[in-house]
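One structure is given below, encoded as structure tokens.
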Amino acid sequence: MRKILIVNPKGGSGKSTLATHLASWFAWQEAKVMLGDLDKQHSSHHWLNLRSAQLPQIARWEIGDDQIARPPKGSQVAVLDTPACFANGKLKKVLKIVDHVIVPILPSAFDLWASADFFEELAEMKAVRREEVQVGAVGMRVNSRTQAATQLPAFLQKFDIPLITCIRDTQLYNQTIQRGMTLFDLPASKIMRDQAEWQPLFDWVMRRTPQAFRAAV
Ligand SMILES: Nc1ncnc2c1ncn2[C@@H]1O[C@H](COP(=O)(O)OP(=O)(O)OP(=O)(O)O)[C@@H](O)[C@H]1O
Ligand SMILES: [Mg+2]
């Protein structure tokens with residue numbers, strides 16, 4: 001099973017947007033997907049409640065906030081959304097059960113400063129040091145013509161974190177999320193540009209089999 005953690009303690013960095021879109025993309029690939037939500041605001045699970053039964057299904061992964069357990073057997077992919085201010089102790093526990101860590105990041109000075117501390121803490125975690133988990137970042141709401149966007153790759157390089165892709169700022173995200181959908185539930189002709197932006201992330205996640213991570217240690 002592929003287990004993907006979406007984390008950035010900075011609020012509003014795009015965690016739930018990333019988690020719901022990843023889950024939806026895997027569902028369209030006919031994978032058995034579970035979506036877990038450790039956020040007390042339950043943004044991802046709220047979205048799941050709105051999702052039409054006509055769309056590719058995503059199962060709810062009920063994961064206890066205090067007793068973090070592995071996703072149930074039978075699924076092929078588990079995506080886990082986390083809250084802002086996710087505590088270090090919890091992160092350490094969750095890192096034991098995932099293979100991929102994706103950090104969404106906005107290209108603003110405030111967000112980069114907040115994420116710098118987080119990346120330093122992440123680098124110290126045993127699972128990261130041992131390369132049992134693969135860590136990558138995704139630029140969210142990026143306008144490629146801005147100076148802020150050009151600073152993002154250099155910033156991430158300092159922490160040796162790959163910038164997997166950048167996702168543009170478009171109202172399509174808000175419009176689809178509020179209907180229990182994602183961009184991937186829209187006709188392909190409407191999202192050609194966005195699909196191309198997401199593709200490097202899907203390739204990155206699919207590159208190594210989950211077993212390879214722990215077996216390599
Ligand atoms: N690429 C995008 N284009 C436009 N709006 C976006 C994009 N990505 C995210 N948003 C919007 O930004 C806001 C914050 O995104 P989201 O809720 O996914 O962040 P979050 O990290 O989960 O927040 P929190 O820390 O509160 O859980 C939302 O209103 C969302 O619709
Ligand atoms: Mg959220």
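Annotations for the structure displayed:
- Residue in region 11-30 that is nearest to residue 112 (Cα to Cα), counting only those that are among the hydroxyl-bearing types (Ser, Thr, Tyr) and within 10 Å of ligand 1 (Cβ to nearest atom): 13
- Selection status of residue 91, within 16 Å of ligand 2 (Cβ to nearest atom), at pLDDT 90 or above and either assigned to a helix (DSSP H, G or I) or basic (Lys, Arg) (or both): yes
- All positions within region 177-202 that are outside any loop (DSSP other than H, G, I, E, B) and touching a residue at least 24 places away in the same chain (Cβ under 8 Å): 177, 183, 184, 185, 193, 194, 197, 198, 199, 200, 201, 202
- Meets criteria (surrounded by fewer than 16 Cβ atoms within 10 Å (Cβ to Cβ) and in contact (Cβ under 8 Å) with a residue 12 or more places away in the chain) for residue 174: no
- Within region 177-217, if we keep just the residues that are among the β-branched types (Val, Ile, Thr) and open to solvent by 20 Å² or more (accessible area, probe 1.4 Å), the residue that is modelled with the lowest pLDDT turns out to be 217.
- Among the numbered conditions (1) open to solvent by 10 Å² or more (accessible area, probe 1.4 Å); (2) in contact (Cβ under 8 Å) with a residue 12 or more places away in the chain; (3) of a type outside the set (Asp, Glu); (4) outside any loop (DSSP other than H, G, I, E, B), the only one that residue 101 does not meet is (1).
- Scan region 31-60 for residues that are part of a helix (DSSP H, G or I), open to solvent by 40 Å² or more (accessible area, probe 1.4 Å) and more than 10 Å from ligand 1 (Cβ to nearest atom) and the total you get is 3.
- Each residue in region 19-30 was checked for being more than 9 Å from ligand 2 (Cβ to nearest atom) and open to solvent by less than 20 Å² (accessible area, probe 1.4 Å), and 7 of them qualify.
- Top-ranked residue of region 102-121 - restricted to ones that are out of contact with any Phe, Trp or Tyr (no Cβ under 8 Å at 6 or more places or on another chain) and more than 16 Å from ligand 2 (Cβ to nearest atom), ranked as nearest to residue 38 (Cα to Cα): 121
- Tally of residues being open to solvent by less than 20 Å² (accessible area, probe 1.4 Å) and within 16 Å of ligand 1 (Cβ to nearest atom) across region 143-171: 4
The values are calculated or read from the model by the stated rules, or taken from the named source; none is laboratory data. None of these values were measured; they are calculated from a predicted model. Every residue, glycine as well, gets a Cβ built from its backbone with ideal geometry; the counts of neighbours run over all protein chains shown. Ligands, DNA and RNA are stripped out before the accessible areas are found, and what is left, the full protein with its side chains, is counted by its heavy atoms. Shrake-Rupley method; radii C 1.70, N 1.55, O 1.52, S 1.80 Å.
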